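Just below is one structure, and these are the notes that go with it.
Rule-based calculations on the coordinates, nothing more; no lab input. What you see is a predicted model, and the numbers here were worked out from it, not measured in a lab. When we count neighbours, we look across all protein chains shown, and the Cβ atoms used for this are built from the backbone with ideal geometry, even at glycine.
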Amino acid sequence: MSRLRAAFILTLLAFLPAYSYASPCKSQFEGAFWAEKDLRIVGLDAAYIACPNSFSAVRMGASYFADERFEYKGVTSSVRLQYGETLSPFVGLGVLVGIASHEVDAAKDGLDNNRNGQIDEPGEKSLKADFSAVLYPEIGIAWYTRVIGITLSARRYYSSTFSGNIIYSIGFSTPVH
């Protein structure tokens, strides 16, 4: 029942003339928080959204996220097909490319990793960084007003370190004037 109520409220707000506008897709700056259902993976995106035409959008930005073992930093980009102007459902395909870093045991590597003057002490750690690439299909809905946009979406991440994870996102955007 709560999903139906939320959908009704969102639809009602989208059609209120005082808050909404009906114009072609406008370029947006977006900040988004996203997480897996059990919060094992959480992250942030900052992106620019361009609209080459009324039925598509291109999203480009920076992304940071972490899971139990890795910390990821990189760039993200997606292409979306969308319908509508004030309330706009979309489907898309995206990629996230960057660096995945994590701590590894460095007790026997012959280096002073923590710069304390001692080599190969017990418990010494080193930061290891590897190239990371994630491919994701996405589906969602965006609601745009004169001053703010709200985007709800779901992505399915596929990469070499984790695969098939469904990520839920909420984003807030503002038009570029």
### Query
What list of ³J(HN,Hα) couplings, whole Hz, do you get for region 50-65 from phi and the Karplus terms 6.51, -1.76, 1.60, once you set θ to phi - 60° and write x for glycine and proline?
10, 10, x, 7, 6, 10, 9, 9, 10, 10, 9, x, 10, 9, 9, 8
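Work out the FRET efficiency for VAL147 and ALA50 from their Cβ-Cβ distance, taking R0 = 25 Å, and round it to the nearest 0.05. Please list the in-between numbers first.
Details: r = 19 Å, r/R0 = 0.77.
Calculated value: 0.85.
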### Task
Compute the distance in nm between two label points, each set 7 Å from the Cα along the Cα-to-Cβ direction, one at ALA35 and one at MET60.
3.1 nm
#### Entry: Distance between modelled label sites at LEU81 and SER159, nm, 7 Å Cα→Cβ extension
2.7 nm
